[in-house]
Every structure is written in structure tokens, then in C-alpha cells.
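The values are calculated or read from the model by the stated rules, or taken from the named source; none is laboratory data. Remember, predicted model here, so these are calculated numbers, not experimental data. Don't worry about glycine lacking a Cβ; one is built from the backbone with ideal geometry, like all the others, and counts go over all protein chains shown.
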Amino acid sequence: MSAPAIEVRRLVKRYGAVTAIEDLSFTVEPGTITGLLGGNGAGKTTTLAILLGVLLPTAGEAYVLGVDILKHRFRVLPRMNFGSPYVELPKRLTVRENLRVFAQLYGVAKPRRRIETLSENLQMGEFLDRPTGTLSAGQKTRAALAKALVNEPEVLLLDEPTASLDPDTGDWVRSYLERYVAERKATILLASHNMSEVERLCSMVLMMKAGRMVDRGTPADLLRKYGRHNLEEVFLDIARNRGARQEAAE
Amino acid sequence: MNRAAITPGDWGFSWRRVGAIVLRHYYLLRSSWARVLELAYWPVINMTLWGFMTVYLVGQSSVFAQATGLLLAAILLWDVLFRTQLGLGLAFLEEVWSRNLGHILVSPIRPYEYVAAIFMVALMRVVIGVGPAALLAWALYDYNVFTLGLPLIPFFINLVILGWAIGLAINGLILRFGLGAESMAWMALFVLAPICGIYYPLSVLPEWLRVISYLIPASYVFEGMRAVLIEHTFRADLLIAAALINIVYFAGGVAAFLYCFRAARHRGLILQIGE
């Protein structure tokens, strides 16, 4: 069995008296898409921030591609990337200029060729030389995705990648991510509120609530365990403390 | 496969990453004539105002008749200091305003590489901002700042380093306390203006205030400037004093930024910096 792409052990994050994450442990297998599910304040973004090395935990360990991210993040950051609708690209720069800057930051060997490839794959040709601030929401999402993929990351951390997108664009992004993982054998950890997205993309789901891992499994396992037809119902069961039907029956 | 190069260690230094941040700010300035205009606007207005004041004073005062460039050199050197500090602040604030700071700080750029990059950006902004004012002084008032001679170089370097140090400490405060601390970038340096002897010798200050002014590297630079223009002597002692105190300021600025950066990592502020 191959080593996990991401491994988190007994992670704790406290802000004074407030606990954001409590005793969180999980692994993400390489070449998979894993969903991190939970309501607002569940600790999803906190977990991603720790895995990116921009947030220091109170206790615990976190490894990405076998590297201790808390001690040696610069050894592994060139092999990772991150996307979130809450972090933006500079609006006055064109998409090409933004990608050029990030290609250089990530040490991409042939940036011009890489940008052309991304432009082709993500169908950005018509807006590659337009200021990022003038793009539509769907175009901005593709530009942000191009930034997240500029270094062909082995591990991609995505925070609500399709938030505020129309169903067509959202579906297009999901298809692209599926292809990327299949072609590159990359690993994606995806924090999302979109249950249908998680159901479609993820081979493993980690359910979080109030900073704790409350359940985990494949989407099919969770549906069976909770006796539900979709993950949204499972999510509501967990959010409303209804517990697994099977467990309740036992 | 076009995989990004794997950086082997934690402590490498890459000019390529530094260059990426400089490139980002070059693209920004290239795309925004308003920003370029704003860079040069105040130094040029200041120069015009004080230039005519100098023309008037030369006919009224023997001091200004002896050293016509006194005010103009002071204005230019003060602008070097102020524009460096402000340039460093704006280089950082541009990332905060555009909500791009998170993208940069989760990339492989080290904090000290980022600091080196915004130093370069601040220098670029000083050249764009103060250059036109220096040209105007030459064209309108027949004053060439280069007549200060070689001392101009250490004057310039000392002021740039002081601007970097103060700017860096302020950037640390913005990182730690959010955009609520933004106004510090515009205000902070003006606390020093009355006591570092830009336009008058330190001897006019009350003795207790003079003690404080001796703790500011810029005070020695402006005293040194007056020695060159009025007495036509180069005071190496003043420049050495400025350089030594500047080392302390610079170390303090870097330490303050890195401390605030670490505090921001503890408090989870980097991905959500704002008001």
C-alpha cells in the first residue's frame, strides 16, 4: 500500500478558549479526491490552512507527501497548490500576467508553454489577455483554477471550488478536476458545502462538525450507514445530531 | 512532464521568486497610469512649492544665498525616505486590497524573499516618484541634486534603509492587526519629520528633544547634507553614526515583521486578512 498523500495526526487548534479543531486525524490516499464536509465553523478551512503551512496548530502533526508541513513546508509547497473563491487574483493584471507571476513563484520550468497548455485545456484563449477584474464569475473561476494548476501540483487543496457558479460552469469545473486527477494521478482535498459535488467527485468523505471528525467513509458507505438517498440528508442528520439510523437501530 | 522544480531545503534563496513579486508590481504599474501619476504627483508639487519659496528666500536671507539648494536637497532627500517607506507599505497593501496575499504566502516564496522583493518594489517606486521631482528642480530652479557629489550616495542608502526598516515594521502591524493599521503607512514617518532636522539644524531643538533626534539615523543624514551645502565639508562621522543606528533599525524592522508574520500564522490571519 502506498504512503498517504496527506496525513493528519491528532491535530488541535485553539484560539484562546475557542476550539477550532479537536483531535483531528485522517489520511488521504494518493490519486484520490477526498471531500472535507461540514457546516460553517466545522473547521474545514482551518484544516486546509494548516496543511498549507499558513496556520500553526496548537498540537498535532501534519504531513503532505511525507513531509512534515509544520517544520519543512518549503520542501513540499512547490508540489502543492491551493484554490479558494475567498482568495483572488489581482484584478488589474491580465490572466496571462497573473499566471506568469505564479509560474515564476512556483519555479515552473517552461512557463510560456505551460500557460498556453492551461489556456487550451481550460478554454481561456478569449480572455487570457484581459484584466482579471473584467471577467465573468465563470471565467474568473477558470483563471483561478489555472493558477491552482500552474505548477501541475501533486496535491491540490480546494476550498469550495464551485461556490457561486452556475450549474453548467460548476459541472464543467468538476469534469476538469476529475480528468486532472485521472491523468496526473494527483490528490485533491476538497472542502465543500455542495453535497452533490462531493457525491460525484469524492471517493472518500470526511464529515466534520465543531472541529471534530464525526464520520468518514465512501459516499456509498455513508448513504448505507445513515439509510439515506443522498449526502445532503446525511449531512443534515449529522448537523442535527440525528446519528446513523443503523447505529440508532442497534 | 513539466513538474515544478522541487526545492530541496528550507533556507534557499531564489532571485526568481523575488523577481516574480517585482514582476507582479511592474505589471500593476504598467496597467495603471493613475498609480504612476500618483507616485510622482506629490514630490513634484512639493518641489514646485518649495522651489519658488527658495527663489524668494535667496533674495532675503544670507543663509539661502550661500546655499541655494538647501531646501531643495532637503525636500528630495525627505522624499527618498518617505517614498521608500510608503512604497514598501503600498507594495504590501496592494496584495491585501486585491485579496492576493494568501496566494502569495502559500506559494514557495520564503518570508525573507518576499521582504527582499518588496524592498526592490519600494526602490522602483522611489525612482519613479522622486526622479521627476529631481528633474524639475534642475529644469525650473537650476538645481542639480548631484552637485551634492559622492556624499549623495551614502545619504541615499541610509535613507532607503531607514525607510525599509520603518515600512517593514508597519507591514508587520498591518499583517497582525489588519487594515485597521493601514493609516500607519501614511502617518508613521511624519512623527519623525519635526525632530530629524530636515529643514533646520538640530541645534534649534530644545535639548531634551535633541537627545531623541540623535536616535534617528535621518537626523545625521540631514546634518551631513547641511555640512556639505553650507560648510562644503563631508562629515564622515555623521554618516558612520547614521549607518550604525540604521543597523539597529533595520534589524528591528525585520524582527518586527517576522514576529508579526509568525503571530499571524498562530492566529490564522493570513488567508483572511482584512479589516
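List of remarks:
- Within the stretch A:79-97, considering residues that are more than 9 Å from chain B (Cβ to nearest Cβ) and at pLDDT 95 or above, the one nearest to the chain's Cα centre (by Cα): A:VAL95
- Within the stretch A:100-121, residues that are more than 10 Å from chain B (Cβ to nearest Cβ) reach partners that are of a type outside the set (S, T, N, Q) with beta carbons closer than 6 Å, at six or more positions or on different chains, in the pairs A:ILE115/A:LEU99; A:LEU118/A:ALA146; A:SER119/A:GLY125; A:SER119/A:LEU128.
Residues checked against (1) among the aliphatic types (A, V, I, L, M); (2) free of Cβ contacts under 8 Å to residues at least 40 places away in the same chain:
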position	(1), (2)
B:ARG176	no, no
B:ALA188	yes, no
B:VAL191	yes, yes
B:TYR200	no, yes
B:PRO206	no, yes
B:TYR214	no, yes
B:GLY224	no, no
B:GLU231	no, yes
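- Pick from the stretch A:56-75, criterion small (Gly, Ala, Ser) and in contact with a helix residue (DSSP H, G or I) (Cβ under 9 Å, 6 or more places away or on another chain), ranking: nearest to A:LEU11 (Cα to Cα): A:GLY60
- Only a single criterion out of (1) in contact with a helix residue (DSSP H, G or I) (Cβ under 6 Å, 6 or more places away or on another chain); (2) of a type outside the set (A, V, I, L, M, F, W, C); (3) at pLDDT 95 or above; (4) over 26 Å from A:ASN194 (Cβ atoms) is not satisfied by A:GLY53, namely (3).
Okay, residues lined up against (1) modelled with pLDDT of 90 or more; (2) charged (D, E, K, R); (3) under 27 Å from A:GLU152 (Cβ atoms):
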position	(1), (2), (3)
A:GLU183	yes, yes, yes
A:LEU189	yes, no, yes
A:SER196	no, no, no
A:MET204	yes, no, yes
A:ASP215	yes, yes, no
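- Identity of the residue in the stretch A:227-250, touching a Lys or Arg at 6+ places or on another chain (Cβ under 6 Å) and modelled with pLDDT of 85 or more, that ends up nearest to A:VAL8 (Cα to Cα): A:VAL234
- Any chance A:ARG73 is surrounded by fewer than 18 Cβ atoms within 10 Å (Cβ to Cβ) and among the basic types (Lys, Arg): no
- Any hit, the stretch A:20-35, residues being without any contact (Cβ under 8 Å) to a residue 40 or more places away in the chain, within 14 Å of another protein chain (Cβ to nearest Cβ), β-branched (Val, Ile, Thr) and farther than 22 Å from A:LEU177 by Cα: no
- Considering residues of the stretch A:1-56 that are part of a loop (DSSP other than H, G, I, E, B) and within 12 Å of the chain's Cα centre (by Cα) only, the residue surrounded by the fewest Cβ atoms within 10 Å (Cβ to Cβ): A:THR32
- Screening A:THR134, A:THR162, A:THR141 for residues that are out of contact with any Ser or Thr (no Cβ under 8 Å at 6 or more places or on another chain) and β-branched (Val, Ile, Thr) leaves exactly one candidate, A:THR134.
- Test: B:TRP15 is within 14 Å of chain A (Cβ to nearest Cβ), surrounded by fewer than 20 Cβ atoms within 10 Å (Cβ to Cβ) and at pLDDT below 85: no
- Scanning the stretch B:254-270 turns up one or more residues that are on the phi < 0 side of the Ramachandran plot, outside any helix (DSSP H, G or I), at pLDDT below 95 and within 14 Å of another protein chain (Cβ to nearest Cβ).
- Any hit, the stretch A:57-78, residues being within 11 Å of another protein chain (Cβ to nearest Cβ), part of a loop (DSSP other than H, G, I, E, B) and touching a Leu at 6+ places or on another chain (Cβ under 6 Å): yes
- Some residue of the stretch B:108-130 being within 14 Å of another protein chain (Cβ to nearest Cβ) and either without any contact (Cβ under 8 Å) to a residue 12 or more places away in the chain or acidic (Asp, Glu) (or both): yes
- Scanning the stretch B:79-99 for any residue that is polar (S, T, N, Q), within 14 Å of chain A (Cβ to nearest Cβ) and surrounded by fewer than 22 Cβ atoms within 10 Å (Cβ to Cβ) turns up at least one such residue.
- Filter result for A:ASN81 (in contact with a helix residue (DSSP H, G or I) (Cβ under 8 Å, 6 or more places away or on another chain), polar (S, T, N, Q) and in a helix (DSSP H, G or I)): no
- Failed condition for A:VAL108, given (1) within 16 Å of B:HIS103 (Cβ to Cβ); (2) part of a loop (DSSP other than H, G, I, E, B); (3) at pLDDT below 95: (3)
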